[in-house]
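Student: I'd like to ask some things about the structure below.
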Amino acid sequence: MFNKKLNADFIKKRLSPIDFYRHELLNAALKKHSWNDGGLCPFHSDNNPGSFRVNLTTGAYKCFSCGIVGGDIIAFVMAVYGLQFVEALAKLADDWGLI
Ligand SMILES: [Zn+2]
């Protein structure tokens, strides 16, 4: 589905990183601001919590074990679901009812 309203700013204004990551990272005890322990890393076979961090202000994420890094929730969706940028926007809009 193509919709010209569907751009990164539109998504980020309507979906906060904290709501998004609370949905994606069910094993993490996420608080409010800045960098949090994201629980088990979704990008590698992780059995040692503490390496994966998410920033609930910006949506950035980083794993100190496998080295994956990204700047926002759109980058996270692209990486974890193997999507292109526009596909990631469409998934977020659909999943969260943003359109
Ligand atoms: Zn990792």
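Student: Could you say whether any residue in the range 32-40 is more than 16 Å from the ligand (Cβ to nearest atom) and either touching a residue at least 60 places away in the same chain (Cβ under 8 Å) or within 21 Å of GLY97 (Cα to Cα) (or both)?
Tutor: Taking every residue of the range 32-40 in turn, none turns out to be more than 16 Å from the ligand (Cβ to nearest atom) and either touching a residue at least 60 places away in the same chain (Cβ under 8 Å) or within 21 Å of GLY97 (Cα to Cα) (or both).
Student: Ok, one more. What is the one condition in (1) of a type in the set (Gly, Ala, Ser); (2) surrounded by fewer than 16 Cβ atoms within 10 Å (Cβ to Cβ); (3) at negative phi; (4) modelled with pLDDT of 95 or more that GLY82 does not satisfy?
Tutor: Among (1) of a type in the set (Gly, Ala, Ser); (2) surrounded by fewer than 16 Cβ atoms within 10 Å (Cβ to Cβ); (3) at negative phi; (4) modelled with pLDDT of 95 or more, GLY82 violates only (3).
Student: May I ask you to verify whether LEU89 is surrounded by 14 or more Cβ atoms within 10 Å (Cβ to Cβ), away from the ligand (no atom under 16 Å from the Cβ), at pLDDT below 95 and under 13 Å from ARG14 (Cα atoms)?
Tutor: no
Student: Same structure again: Output the number of residues of the range 1-23 satisfying the condition of being exposed (fewer than 15 other Cβ atoms within 10 Å of the Cβ) and not small (Gly, Ala, Ser).
Tutor: Number satisfying all stated conditions: 12.
Student: Still on this model: So in the range 41-86, with the set limited to residues that are closer than 20 Å to LEU30 by Cα and polar (S, T, N, Q), which one is farthest from the ligand (Cβ to nearest atom)?
Tutor: For the range 41-86, the residue satisfying everything is THR57.
The values are calculated or read from the model by the stated rules, or taken from the named source; none is laboratory data. Keep in mind that this is a model prediction, so the values were computed, not measured. Note: ideal-geometry Cβ built from the backbone for every residue, glycine included; neighbour counts use all protein chains shown.
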